[in-house]
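Here's the structure, in structure tokens; my notes come after.
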Amino acid sequence: HGYAPRRYDAALKEACRQAALEVLPEELVVFTDNYAGGCSDLGDISEVMPAIHPTIGGSEGVAHSDGFRIFDPEIACVTSAKIQLVLLTRLLEDGGRLAREIVSNAPRKYPTVGEYLEKIDAICMEQEAVTYGEDGTVLLNYQSQPSCACQERK
């Protein structure tokens, strides 16, 4: 797992944008629809529930590299926390009305976690998928033999 593309939920993204506008001046709040090629477990999560991956300034360098550093802890940590808390408050106020609305209206590729895990099990393999013969031939073994940890949960 960890290879599904991230699918950001538009309603949750808008709720986050509104939260950011409560903390920051409008000219500092930038939301884009840019697509990033990276995959993560958030992509898998977004297959079954609304998800977003907002970012904030205050850092520089390439993420996950030894050149990455926080140069403005106020923005990167404190302002980020404020926005997250405003968003959480908006999602949970009035008995979680907004959160329930976002979840119930979210388009999902897989309506349940079980359906998603079944799909993953169907494509998991614990075998050599490609075998190269000494004569230059290539044998592709693409029949799945479920062996993922998902199978152990059933």
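The values are calculated or read from the model by the stated rules, or taken from the named source; none is laboratory data. Here the structure is a predicted model, which is why all the values come from computation and not from measurement. Note: ideal-geometry Cβ built from the backbone for every residue, glycine included; neighbour counts use all protein chains shown. Just so you know, the surface numbers come from the protein's heavy atoms only, side chains and all, with ligands and any DNA or RNA stripped out. Shrake-Rupley method; radii C 1.70, N 1.55, O 1.52, S 1.80 Å.
At a glance:
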item: Selection within the stretch 97-141 - closer than 24 Å to Ala15 by Cβ, hydrophobic (A, V, I, L, M, F, W, C) and assigned to a helix (DSSP H, G or I); result: Leu98, Ala99, Ile102, Val103, Val113
item: Subset of the stretch 126-144 that is under 19 Å from Tyr3 (Cα atoms) and open to solvent by 70 Å² or more (accessible area, probe 1.4 Å) - its residue that is modelled with the highest pLDDT; result: Glu126
item: Subset of the stretch 99-125 (residues that are at pLDDT 90 or above and either more than 20 Å from the chain's Cα centre (by Cα) or open to solvent by 60 Å² or more (accessible area, probe 1.4 Å) (or both)); result: Arg100, Glu101, Val103, Ser104, Asn105, Glu115
item: Hits in the stretch 3-14 (condition: in contact with a helix residue (DSSP H, G or I) (Cβ under 6 Å, 6 or more places away or on another chain) and crowded, with 18+ Cβ neighbours inside 10 Å); result: Ala4, Arg6, Leu12
item: Flag for Ile83 being open to solvent by less than 100 Å² (accessible area, probe 1.4 Å), farther than 25 Å from Arg7 by Cα and modelled with pLDDT of 90 or more; result: no
item: Verdict on Cys150 being within 30 Å of Ala10 (Cα to Cα), in contact with a helix residue (DSSP H, G or I) (Cβ under 9 Å, 6 or more places away or on another chain) and modelled with pLDDT under 90; result: yes
item: Close pairs (8 angstrom Cβ cut-off, 6 or more residues apart or separate chains): more than 29 Å from Ile70 (Cβ to Cβ) in the stretch 80-101, among the charged types (D, E, K, R) and surrounded by 13 or more Cβ atoms within 10 Å (Cβ to Cβ) anywhere; result: Leu98/Arg90
item: Selection within the stretch 46-80 - part of a loop (DSSP other than H, G, I, E, B), among the hydroxyl-bearing types (Ser, Thr, Tyr) and open to solvent by 40 Å² or more (accessible area, probe 1.4 Å); result: Thr55, Ser65
